[in-house]
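Just below is one structure, and these are the notes that go with it.
The values are calculated or read from the model by the stated rules, or taken from the named source; none is laboratory data. Everything quoted here is computed from the prediction, not taken from an experiment. Note that each Cβ is placed from the backbone with ideal geometry, even for glycine, and that neighbours are counted across all protein chains shown. Heads up: the accessible areas ignore ligands, DNA and RNA and are worked out on the full protein's heavy atoms, side chains in. Shrake-Rupley method; radii C 1.70, N 1.55, O 1.52, S 1.80 Å.
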Amino acid sequence: MEQMRVGTLQHSRGITLPELLVVLAIVALAVTVAIPVISGAIHAARIRTAVDQFAVSLMAGRMLAVTRQAPVSLTVATDPGNYYELPDRNGLARRYDMPEGVRIVNSTDPITFQANGMVEGGARTVFEARRAGSPHEIWEVETSILGIATVTRSVAP
């Protein structure tokens with residue numbers, strides 16, 4: 001007959017309250033630091049997206065004019081509006097509103113693409129982005145007489 005051996009049980013140690021509080025304090029500190037950084041990145045992405053969408057709309061207007069062999073105008077509403085409109089392929093005006101924190105300061109209005117894709121005299125549209133605690137940003141979209149848009153960003157004091 002074999003004897004049964006009774007082994008000693010090893011007890012696993014749990015987490016103490018002070019250890020848990022230290023971990024929670026570290027997590028809270030990390031979240032406190034990360035939120036402004038993430039918020040700033042989201043704001044910057046919102047601005048860049050709005051300006052890029054405007055540049056893409058200019059390219060779409062140019063392509064539409066060349067395809068139709070007829071002038072196509074992009075209209076810009078600066079004050080009291082804060083949007084621009086471009087006809088779609090069916091000729092219906094499609095409105096693009098600027099997101100919160102982004103304002104169209106001034107623009108050539110309308111920006112008219114001729115049947116050959118050119119813009120007489122070129123065009124310039126200026127966007128402004130303001131956010132508390134961050135530098136004032138100015139975005140410019142220059143449309144050459146050939147109808148090609150370029151985007152530049154500057155930071156105002």
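Leaving ligands, DNA and RNA out of it, work out the accessible area of Val33 with a 1.4 Å probe and give it in Å² to the nearest 10. So the heavy atoms of Val33 present about 90 Å² to solvent.
Set the Förster distance to 22 Å, then compute FRET efficiency between Gln53 and His136 from the Cβ-Cβ distance, nearest 0.05. After rounding, the FRET efficiency stands at 0.55. Structure remark: mean-square fluctuation, Gaussian network model of the chain, C-alpha springs under 10 Å; the largest value among Asn82, Asn116, Asn90 belongs to Asn90. Between the residues Gln69, Asn82, Val31, the greatest Cα displacement towards the positive end of the dipole of the chain, with unit charges on the Cβ of Lys, Arg, Asp and Glu, is found for Val31. Full extension of the chain segment joining Thr108 with Arg13 gains 27.0 nm, where the gain is 0.36 nm per residue of separation less the Cα-Cα distance.
Given the options Ser39, Ser144, Ser107, which has the most mean-square fluctuation in a GNM of the chain, springs set between C-alpha atoms less than 10 angstrom apart? Result: Ser39 has the largest fluctuation of those listed.
Each Cα pair under 8 Å and six or more residues apart adds its separation to the average, and for region 21-157 the resulting relative contact order is 20 percent.
Computed on region 51-94, the Cα convex hull volume stands at 63 Å³ per residue.
The GluC sites (Glu not before Pro) found in region 86-157 that occupy coil by DSSP, while having at most 15 further C-beta atoms within 10 Å, are Glu100, Glu120. Estimated from the Cβ-Cβ distance and a Förster radius of 35 angstrom, the FRET efficiency linking Thr67 and Ile42 is about 0.45.
Overall form of region 23-98: prolate. Here a/c, set by the Cα gyration tensor axes a ≥ b ≥ c, is 1.5 or more, and a/b is the larger of a/b and b/c.
Run the accessible area of region 33-157 with a 1.4 Å probe and give the carbon-and-sulfur part as a rounded percent. With neighbouring chains kept in place, the figure for region 33-157 is 57 percent.
What's the long-distance tail for region 95-136, i.e. % of Cα pairs beyond 17 Å? Value for region 95-136 (Cα pairs over 17 Å): 48 percent. Using the Stokes-Einstein relation with a Kirkwood hydrodynamic radius computed over Cα pairs, the translational diffusion coefficient of region 40-157 at 25 °C and a viscosity of 0.890 mPa s comes to 170 µm²/s.
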